[in-house]
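This report refers to the structure that appears directly beneath it.
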Amino acid sequence: MPVSEINSELDGVGPYNRLSASQVNTYNSCNRMWFYEKVLKLKIKQIPVLYVGRAVEEAICRTFKESPSLLLSNASQDTLSKIPIGMDGKPSRELNLTWPANRIIPLPENQIPGTLEEIEIWAKERMKLHLKSALLAAQKDWERQERKFGDWSDVKFDYCLEMCFNALKYHLDEVNRCFLSIDESVLSKWRAGHREHWPAPDGFGFTINSKHPLAKEGKISILEAWEIARPWFVEPESGQFSMNAIHPNYWFQGEYDLVYRWDGSIKIVDIKASKGIGDRSGDYVEQLRMYAMLWWITHGKKETVSDLEIWYLGAGVIKSVKNPTEIEMANMEAELEQLWHRLKGQKTSIEKHPANPSPVRGFSEGGVPTASPKEEKRCDRCDWNSFCSGGQGLEYVEPNGFYQLPGKTTETNTVPFDQLTVRFNLSANIDSINYRENDSPEIKIIQDGNRATVDFRVTMNQDGEQNYPNGLKKNDLIYLENVIITSNYRGELTVKLDPLGKLTNVAGDIDYSDNLLNFRARWDIVGKLAYKFQRSGIGKNGREWHRKGLVIFDSKQSIKVSGWSNDWGHQYDMANEGDYVLLSNIELDAWADQLRGQIGRNSRLDVVSS
Ligand code: SF4
């Protein structure tokens, strides 16, 4: 099965702590790069090509999901979009729900394509439609990014469409192969309504109780081949990261792009909206080998993948990757598990991950291996070049924590990041509760006469479970675990629940003795500047707003600090990547395992060393 359903109570690793193929590849490229990106969670430059790749894949999958037997080529692109989604972000298995394809009456014979060529014409029209909206959404998403770089006008619709058409060509080859070579028993099963446990997304849901609505009789038709050859892919409407395959011991996960399996053999395809030139092509080979291992392990080591392919859509080339043998997969599993223990099973810090990158590999168009480009160094193109000791920066040095700042009579003592207290466990009573439709309730709590508002920033915790019990009422005693407390400028308290927080009415095996008032409102911290960012826009009141921020780090973690532009002093503009900056009087916040900070009018920034 391409998706794992796990028992979250047995999952001692959690979704934020698993290893992935991209992490392994980053680690092998440069240990220090892995530390910056996966431990410090520094965000790479958000360039349009990252967003284009997702848009192209979306247009492909949305087209593959559709059926020429149900939709005219000019039908709305949302026709199959309203599928039932469960709380965990996965398509819902609840019975008696209506799926969009069930509501559609198949088109009359004279309106459906009758040949592969006619299906191609239909699919190309669908792709144009889907690509247009996917690129528009991608552009909006890119424009929202604080770390956006590049120029969206470099994105060319025709080039992106050409990439989609290349994927269509490869898919139609598979449809034709199915048409020409399908086994009678496979066809009969499909016509009788048989579905895989995770069917290829087609708008029909998990079960078809009788004959397939698009089944014909006699020899297979080309339209049936379109339905049967459809690969599994992530349902475009599902929640982000909800459709992963996960190692039975939880330490590794991956998300396949396309899985063809109509003839009983398994082919995993990775879609790349690129030409396959350069170092990263080496990563894609390793990624597919890891996916072959993941498939084998998640199928009880009884089912192996037959084919691994990278579709370089920019070059119009399919690259086949050699399957690892069972011995190679067993060794890979053992090595990756060891790596997980080394990287994730314990707290780590910068000195354990040297700035010692591997040589750049050479690949020409279509991912063909070539000689390594001797002149090119990995650090030259690295996003962290400006402050990393492998690039133009200096090695990280732990600040001493005591500073005499200009204009201040007393010394400022900064708090090391690992001593910043941001999470609390407390008990309180419900002061008021207001239920809302399709949303978490509005709750105010009271503890020793102090009141606070509960802010559900998410409604589900990291395990995909609702983060509050049903049936809560006024005066109930509740327990708040791992919550963040903040106060606004009027001193009003807010208790925030992010994916790590939980509200319950049954005490767990932890100490709930924290008090609403024992959080510290303001902190002084110092760290090395990784990068600055800014965002602006027009508010609902028509006024322009402008926010700025920066990310600083110490040897173990980073903090993203943001605030209104006017609240940052002139030293913000003077601070350069690699400088050590001291932030005084900031408020702390968090999101999952990332610390966040907020500056206000009384905060201040000082560059303490360059
Ligand atoms: S600058 Fe060089 S050493 Fe530093 S993270 Fe990048 S590749 Fe690694």
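The values are calculated or read from the model by the stated rules, or taken from the named source; none is laboratory data. Everything numeric here is computed off the predicted structure, so don't read it as measured data. For neighbour counting, all protein chains shown are included, and Cβ atoms are generated from backbone atoms with ideal geometry for every residue, glycine included.
Within the range 512-532, the set of residues being under 25 Å from Gly401 (Cα atoms), modelled with pLDDT of 90 or more and not charged (D, E, K, R) comprises Trp523, Ile525, Val526, Gly527, Leu529, Ala530, Tyr531.
Out of the residues in the range 80-125 that are surrounded by fewer than 15 Cβ atoms within 10 Å (Cβ to Cβ) and of a type in the set (Ser, Thr, Tyr), which is farthest from Phe241 (Cα to Cα)? So the residue we want is Thr115. On the stretch given as the range 104-155, residues that are outside any loop (DSSP other than H, G, I, E, B), more than 19 Å from Ala167 (Cα to Cα) and over 32 Å from the mean Cα position of the chain (by Cα) total 3. Filtering the range 476-501 to residues that are surrounded by fewer than 22 Cβ atoms within 10 Å (Cβ to Cβ), in contact (Cβ under 8 Å) with a residue 60 or more places away in the chain and in a loop (DSSP other than H, G, I, E, B) leaves Tyr489, Pro499, Leu500. For the range 349-364, how many residues meet the condition of being away from the ligand (no atom under 15 Å from the Cβ) and either buried (at least 17 other Cβ atoms within 10 Å of the Cβ) or over 30 Å from Ala315 (Cα atoms) (or both)? The number of residues fulfilling the criteria is 3.
For (1) charged (D, E, K, R); (2) in contact with a Leu (Cβ under 7 Å, 6 or more places away or on another chain); (3) in the same structural domain as Ser558 (by TED's automatic domain parsing); (4) within 30 Å of Val415 (Cβ to Cβ), each residue gets a yes or a no:
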position	(1), (2), (3), (4)
Gly300	no, no, no, no
Gly314	no, no, no, no
Met329	no, no, no, no
Trp340	no, yes, no, no
Gly362	no, no, no, no
Gly367	no, no, no, no
Ser389	no, no, no, yes
Gly401	no, no, no, yes
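Scanning the range 552-567 for residues that are assigned to a strand (DSSP E or B) and either farther than 13 Å from Lys41 by Cα or among the β-branched types (Val, Ile, Thr) (or both) turns up Ile552, Ile559, Val561, Ser562, Gly563, Trp564.
Can you find a residue in the range 329-344 that is surrounded by 13 or more Cβ atoms within 10 Å (Cβ to Cβ) and in a strand (DSSP E or B)? No, the range 329-344 has no match at all.
On inspection, Asp383 passes the criterion of being assigned to a loop (DSSP other than H, G, I, E, B) and within 16 Å of the ligand (Cβ to nearest atom).
Filtered by the rule that a residue be within 16 Å of the ligand (Cβ to nearest atom) and surrounded by 13 or more Cβ atoms within 10 Å (Cβ to Cβ), the range 393-406 gives Gly393, Tyr396.
Checked against (1) assigned to a strand (DSSP E or B); (2) surrounded by 16 or more Cβ atoms within 10 Å (Cβ to Cβ); (3) not small (Gly, Ala, Ser), Trp545 meets all criteria but (2). Per the conditions (1) within 16 Å of the ligand (Cβ to nearest atom); (2) assigned to a helix (DSSP H, G or I), the sole criterion not satisfied by Lys43 is (2). Taking first residues from the range 30-57 that are closer than 19 Å to Phe553 by Cβ and partners that are more than 12 Å from the ligand (Cβ to nearest atom) and hydroxyl-bearing (Ser, Thr, Tyr), the Cβ contacts under 7 Å between residues at least 6 apart in sequence or on separate chains come to Val39/Thr348; Leu40/Ser558; Lys41/Ser558; Leu42/Ser558.
Taking (1) at negative phi; (2) more than 16 Å from the ligand (Cβ to nearest atom) in turn, Asn96 satisfies each apart from (1). Quick one: would you say Lys216 is in the same structural domain as Phe233 (by TED's automatic domain parsing), farther than 23 Å from Lys267 by Cβ, surrounded by 12 or more Cβ atoms within 10 Å (Cβ to Cβ) and not β-branched (Val, Ile, Thr)? The answer is yes for Lys216.
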